[in-house]
C-alpha cells in the first residue's frame, strides 16, 4: 500500500469509521461539557488534538525504554506535561477560550481518548504512523465536538460563532444547558449507529 | 465560607449534592456514570469507591499543594502532581480491597483502576485549590460532591434496570444513545433544583 493511501486510511478511520466520540464512545465528559458553543468545541478539540499528537510522538519514541509494568504511570506523566503546556499557552494567548473552558483544560489529562491511543497505538508503532494516528483521532474528536457545538449553539442561543441567526425568535435555552448536551449527543450517536447498521446491512446483502 | 456552622454545612451539602450535581450539571465523571450503571448494586459500590477515593485524595492533594507546591513556587505542576497522587491512591485502595473485601473488588472489576481517569476526582481536587477552600471546606466539598455522584449514578441505574425490563427501544437507540437520553431527562429534573435559593 502506498504511503498516500495509508494516510488517507488513517483519516478515514479517525474521523469517520472509528470516530473516537461517535463510534468508540470515549471522552464523554469534555464532549458534553465544552460544547455549549461552536467556538468552545473547536478550542477544546484543537487543544486535545495538540496533546494527542505530542503524547503519541513522545510515547512512540520512548516505547522501547518505558518498562512494561509502569507504562500507564509513565504515559500519564507525559500526557500531564503536555496538558500543562497547553494550559499555559491558552492562558497566555487565548484568554477568552481559557476562561470559557476553565477546569476542563487540566482535565484533558484524564481524557480517555488520549490514554487509549497511547496504549493501543503509540506504544506499538513507529513515530510517523503514531503522529498520523494522533492527528486523525484528534481531528475526529474535534469534528464530533464541532457538530455538537454547532447544533447546541444554533438551537440553544440562536447564534453561530456569535452571529445572531433568527432575529427576534427566542432560542430553546435548554439546549445550551446540561440536559441539552445529553439529548443532542444521544441523538447524534443514534444517528451514527443507524448509519453503521445500514452500511453493514448493505454489505451483507452484497455478499449474498 | 470560612466560618463553619451547621447551617452553612447543610446549605453547602444541598448545593453540592443537588443544585450543582457533579454529573448531571457539570458533566464530570460521565465514564463510570454510563459504564457502571447497568445494575444498581454495582452502581452503589462504584459510588462508594469514588466517595472514598475523592475524600482521601482531596485531603492529600490539599496538603501537597499547601506544603510542597506553594512554598517552592511550583503551582503550575499541580495537574501532574495531583494525577500522580490520585493514581497512587487508587492503586493502594485496589490492593486493600482485594485483600479485605474480595466481593466488592470483583464487583467493581475493571472500573476500579478507571477511577484514576474519572475526571470528577481530579476536577474536584483542582477546583478546591482554585477556589482557595481551606482544609475543612475542601474535605466537605469533595465528600458532598461524591455523595451527589453516588445519588445520580444510583437513581440512573434504577431507571436503566426498569427500562431494560419494560421498554422496547428502537434499534439505533439501543444501548448508549437511550442511556444518554435518559440522563438528559434526569438532568431536566435536577435543573429544577436551580430554583432553590439558599
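Readers should treat all values here as calculations from the given coordinates under stated rules, not as data from a laboratory. Quick caveat, the model's predicted, so the values are computed rather than measured. When we count neighbours, we look across all protein chains shown, and the Cβ atoms used for this are built from the backbone with ideal geometry, even at glycine.
Sorting A:117, A:8, B:160 on the 10 Å Cβ count, fewest up front, what's the list?
Least crowded to most crowded, the residues run A:8, B:160, A:117.
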Segment residue B:196-residue B:163, length gained on full extension (0.36 nm per residue, minus Cα span): 8.9 nm
Please state the Cα pair-distance histogram of chain B with 10 angstrom bins from zero: what percent is in each bin? 9, 33, 33, 20, 5, 1
Most mobile of A:97, A:66, A:78 per a Gaussian network model of chain A (Cα springs, under 10 Å)? A:66
If the convex hull of the alpha-carbon atoms of segment A:1-103 is projected onto planes in all directions, what is the mean projected area in square nanometres? 8.5 nm²
Please give the helix B:78-100 orientation as an angle from the longest Cα principal axis of chain B, in degrees from 0 to 90, rounded to the nearest 10. 60 degrees
Please give the FRET efficiency for residue B:134 paired with residue B:174, using the beta carbon to beta carbon distance and R0 = 45 Å, rounded to the nearest 0.05. 0.40
FRET efficiency (residue A:103, residue B:48; Cβ distance; R0 25 Å; to 0.05) is 0.55
Relative contact order for chain B: what is it in percent, counting Cα pairs under 8 Å that are at least 6 residues apart? 40 percent
Arranged by the count of other C-beta atoms within 10 angstrom, fewest first, what order do A:72, B:181, B:83 take? A:72, B:181, B:83
Inter-site label distance for residue A:17 and residue B:38 at 7 Å from Cα along Cβ, in nm: 2.7 nm
FRET efficiency for residue A:198 and residue B:9, Cβ-Cβ distance as r, R0 = 60 Å, nearest 0.05? 0.65
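With a cut-off of 8 Å between alpha carbons and a minimum separation of six or more residues, what is the relative contact order of segment A:78-169 in percent?
Answer for segment A:78-169 is 16 percent.
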Overall Cα dimensions of the protein assembly as shown, principal axis frame, Å, largest first: 70, 55, 50
Spatial separation of Cα centroids for segment B:121-164 and segment A:147-191, in angstrom: 27 Å
What is the distance, in nm, between label points placed 7 Å from the Cα along the Cα-to-Cβ direction at residue B:100 and at residue A:166? 5.5 nm
Kirkwood Rh (inverse of mean 1/r, distinct Cα pairs), segment A:3-201, angstrom: 17.5 Å
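Ranking A:44, B:163 by Cβ neighbours within 10 Å, fewest first, what do you get? Provide the component values of the computation, followed by the final result.
Numbers: A:44 27, B:163 14.
Least crowded to most crowded, the residues run B:163, A:44.
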